[in-house]
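The next block holds one structure in the form of structure tokens; read it before the comments.
The values are calculated or read from the model by the stated rules, or taken from the named source; none is laboratory data. Predicted model, so just to flag it, every value in this text is computed and none were measured. Neighbour counts run over all protein chains shown; Cβ positions are idealised from the backbone, glycine included. These area figures cover heavy atoms from the full protein model, side chains too; ligands, DNA and RNA do not enter into them. Shrake-Rupley method; radii C 1.70, N 1.55, O 1.52, S 1.80 Å.
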Amino acid sequence: MIRSEEGYFGEFGGRYVPEILLPALQELETMFSDLRDDPSFWQEYVGLCQEFSGRPTPLTPLRRLSKELGGAQIWLKREDLNHSGAHKVNNVLGQGLLVQRMGKKRVIAETGAGQHGLATAIMSARLGLQATIYMGADDIERQYSNVFWMRQLGAEVVGVETGARTLKEALDEALRDWAATVETTHYVLGTACGPAPFPELVTYFQSVISQEMKQQALDQIGRLPDAVCACVGGGSNAMGAFSNFLDDTSVQLIGVEAGGRSFLPGEHSIRMLPNTGEDGIAQGYKTLFLQDEDGQLGDTHSIAAGLDYVGVSPILSHLSRTGRVTADSATDTEVIEAFKLLMKTEGIIPALESSHALAGGFKRAKEMSPDQHIVINLSGRGDKDIFNIAHAFPQPEWTQFLQREAKRAQELEEATKGEK
Amino acid sequence: MIPAQHQKLQVMSHAVVGFPTLDENEKAIAGLVEAGVTMIELQVPFSDPVADGHTLVNACYDALKTGGSVKATLELAAKVSKKHPQATFILMSYLNPLYRYGLEKLFEDAAAAGIKAMIIPDMPVEQIEPWLPKLDALGIAPILMVTPNTSEERVAKICASARGFIYVVSRMGVTGKQTQWGEEFEAYVARIRAHTDLPLAIGFGVRAAEDLKALTGTAEIAAFCSKYIEWQREEGSEKAAAKMKQLLVDSELA
């Protein structure tokens, strides 16, 4: 497992935060460094993931699709089968164990696609914690079904109206809340970004993915895979999928970023390829950020709200700079093609975020030979994002249904009013 | 001039460079100096100001649209420091714009533009320490912050590297909301005093004459920033200056 040097991975990482947040980060770091070397803590965590989220998630061979593409044998690590429908719940369950040890009663979180917010709301309901979730106002519109469920689960969802109204602003707002409430509140950061120790701590919990993946590959393939491929937003599912393979140099590690509409500024969320992200220090850490000459963080776009972020895990910045991780990107169009292909050939509905990994992985598989094996991390499922995905596949019958449903909802609301 | 320890309370106020416009910054600063404000922070607008509340966040966003930048801040500093030699100008910025500019060049150019001190809220003391010889040579005071939850050990460390004054964050949270003064606050200030002979600036939650009266005798500097920017936004820079003048009269600091 990768370890930081005092919070740094090469030149990236660190802890650049207002003084007010330091004590909580130090407390968290001390607790984490004690627990990570305690095998019974890892057992407790894995046990919780098993009993609550159905781990281990399977490694599924894509026999029909592999044959159709004619290249490497393709396998999916099924993080979509987690409770709540994505890998995000792993990290949240782990941080829940920390919150219990700290004795804090309130948690906050930032969320982009809503998956991390949903996972946090689930954990909070289960542990009896008060939860406040910050979400960009535009993301709320894009992912309303997750917002609906977060609220039903008892979490407060706060729409962030500043700036581009997406994940970056939600993270800023969560940090502001934390500055006021840090003594009683834990910040459940959702990805392998932010000030130390978060990148390392989130990677530690998500590494359960590659721990299982490695054993499953040995059992089912009989050897390590030739390549592992994951999508990269903040980088938590990628770090989860890569971390146990870092020393196995025969395994190529491929991180696929959101290529969006084009390489023009504001039209994509690619940070690790040449002429995209540059060294910067913001939101508490040093990494590759999309930014302008004056150091103002840039706007991003992706068809997948969960990849629409301006920075990237400092661990991935480091690993892409050293060459251990190969950066790639997939455009919105390529993503939709990959989504359809998996759905129609294998009967699995992927999240749009994860479809980036599919697009990158399928491309790679075609260049490989049939005796080679590639594992794609399917970080989340798509069936619950029906509104969002329906946008990508416009159909008149869906629009007509929504109109009828809106009318029914309106009538129901008016009837209920009448009763009062 | 930065006051010495136990001198009379001075008000430090604020400009977000580019808010509402670069031209208006100059007029607003002239108005503040005329009103009797002798310390003014020039804030480089930033896309992600995590230690600021909504007033300054929104001012930053507006300022970025009108051309606020590091370069614009240095140009403004050069003009106003020449025009108002009686006032002390303090550069306030989040780290990334300065980092992109190049810290060494930034410090040199800031000194040449008449900047006397610098507040960088997301640059912890450990990151400032290696720059101290350079900053001392240039005559720029790094202003470091302490907060109510800063440990005794860390207060000592911060005070050892601090120059100019210590920025005492009055309460938990971000800028732009009221603070309750009282015994607990006085004890906190006394705790910081025990570590330093530097004057203390109180910031966060200084929003009215009563606050300034409460701080008279407790601190040497009071940062009156978000409320002033609210006045600027709601009533324009000229009226904001008139209100500042009245504030200093009402708080018996004129």
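Along its principal axes, segment A:229-297 has C-alpha extents of 40, 29, 18 angstrom, given from the largest down.
Dividing the C-alpha radius of gyration of segment A:68-162 by 2.2 N^0.38 Å, with N its residue count, gives 1.26. How many angstrom lie between the Cα centre of segment A:366-399 and the Cα centre of segment B:165-221? Value for the Cα centre distance between the two parts: 55 Å. Sorted largest first by accessible area at a 1.4 angstrom probe radius, with every protein chain in place, the residues A:Thr333, A:Thr120 fall in the order A:Thr333, A:Thr120. Separation of segment A:223-257 and segment A:42-116, taken as the distance between their Cα centroids, equals 15 angstrom. Computed from the C-beta positions of B:Ala137 and A:Arg106, the FRET efficiency with R₀ = 60 Å rounds to 0.80.
This model, with +1 at the C-beta of Lys and Arg and -1 at the C-beta of Asp and Glu, gives segment B:10-250 a dipole about its Cα centre of some 300 debye.
Projecting label points 7 angstrom from Cα along Cα→Cβ for B:Ala112 and B:Ser151 puts them 4.2 nm apart.
Can you give the net charge of the other residues whose Cβ lies under 12 Å from the Cβ of B:Asp62, counting K and R as +1 and D and E as -1? Result for the neighbourhood of B:Asp62: +1. Inverting the pair-averaged 1/r between distinct Cα atoms of segment B:3-109 gives 14.2 Å as its Kirkwood hydrodynamic radius. Interface residues of segment A:259-283, defined as those losing at least 30 Å² of solvent-accessible heavy-atom surface relative to the isolated chain (probe radius 1.4 Å), are listed as A:Asp279, A:Ile281. In segment B:82-111, which residues become less accessible by 10 Å² or more once every protein chain is in place, relative to the chain on its own, using a 1.4 Å probe? By number: B:Leu95, B:Asn96, B:Pro97, B:Tyr99, B:Arg100.
When the solvent-accessible area of segment B:1-122 is split by element, carbon and sulfur atoms take up 55 percent of it, the probe being 1.4 Å. Determine the relative contact order of chain B: mean sequence separation of Cα pairs under 8 Å and six or more apart, normalised by residue count, in whole percent. Taking the mean separation of contacting Cα pairs over the length of chain B, I get 25 percent. Placing unit charges on the Cβ atoms only, positive for Lys and Arg and negative for Asp and Glu, gives the protein assembly as shown a dipole magnitude near 560 debye about its Cα centre.
Between A:Glu44 and B:Gln86, the FRET efficiency estimated from the beta carbon spacing at R0 = 56 angstrom works out to 0.30. Take the Cβ atoms of A:Thr416 and B:Asp197, set R0 to 51 Å, and the FRET efficiency comes out at 0.15.
Straight-line reach from A:Lys104: which lysines have Cα under 29 Å away, leaving out those fewer than 8 places along the same chain? The reachable lysines, counting only those whose Cα sits under 29 Å from A:Lys104, are A:Lys88, A:Lys168, A:Lys286, B:Lys157, B:Lys177.
Specify which residue in the list B:Gly182, B:Leu248, A:Gly190 is farthest towards the positive end of the charge dipole of the protein assembly as shown, using unit charges on the beta carbon of Lys, Arg (+1) and Asp, Glu (-1), about the Cα centre. Among B:Gly182, B:Leu248, A:Gly190, the one farthest towards the positive end of the dipole of the protein assembly as shown is A:Gly190. Relative to the compact-globule estimate of 2.2 N^0.38 Å, the Cα radius of gyration of segment B:62-111 comes out at 1.18.
Carbon-plus-sulfur accessible fraction, chain A (probe radius 1.4 Å, protein heavy atoms only): 51%.
Residues of segment A:22-42 whose accessible area (probe 1.4 Å, heavy atoms of protein chains only) drops by at least 10 Å² once all protein chains are present, relative to their chain alone: A:Leu22, A:Pro23, A:Gln26.
Working note: 222 nm ellipticity from helices only, DSSP H runs with n ≥ 4, each -39,500 (n - 2.57), summed and divided by the residues of the protein assembly as shown, gives -14500 deg cm²/dmol to the nearest 500.
Students often forget the sequence filter, so: which aspartates and glutamates lie under 12 Å Cα-Cα from A:Lys366 once same-chain residues fewer than 8 apart are removed? Excluding near neighbours in sequence, the set is A:Glu68. For chain A, modelled as a GNM with alpha-carbon contacts under 10 angstrom, which of A:Gly128, A:Gly284, A:Gly159 fluctuates the most? Top of the fluctuation ranking is A:Gly128. Listed by chain and number, the lysines whose C-alpha is less than 18 Å from the C-alpha of A:Lys407, apart from same-chain residues fewer than 8 away, are A:Lys417. The alpha carbons of segment B:10-250 give a radius of gyration and a Dmax of 16.6, 45 Å, in that order. Taking label positions 7 Å along the Cα-Cβ direction at both B:Glu210 and B:Arg233, the computed distance is 2.3 nm, reported to one decimal. Placing a label point 7 Å from the Cα of A:Asp371 along the Cα-to-Cβ direction, the residues of segment A:57-74 whose backbone N falls under 14 Å from that point are A:72-73.
Computed over protein heavy atoms with a 1.4 Å probe, the accessible surface of chain A works out to 38 Å² per residue.
At a probe radius of 1.4 angstrom, the accessible area of segment B:10-250 per residue rounds to 36 square angstrom.
Pairwise alpha-carbon distances in the protein assembly as shown exceed 40 Å for 34% of all pairs.
The simple spin-label model puts a point 7 Å past each Cα toward its Cβ; for A:Arg404 and A:Leu224 those points are separated by 5.5 nm.
Once B binds A, the 1.4 Å probe can no longer reach about 2900 Å² of accessible area, counting both sides. Binning all Cα-Cα separations of segment A:8-110 at 5 Å, short to long from zero, yields these whole-percent fractions: 2, 9, 14, 15, 16, 14, 11, 7, 5, 4, 2, 0. Volume per residue for segment B:91-162 equals 81 cubic angstrom (convex hull of Cα atoms).
Structural descriptor for chain A: relative contact order 20 percent, calculated from alpha carbon pairs under 8 angstrom and at least 6 residues apart.
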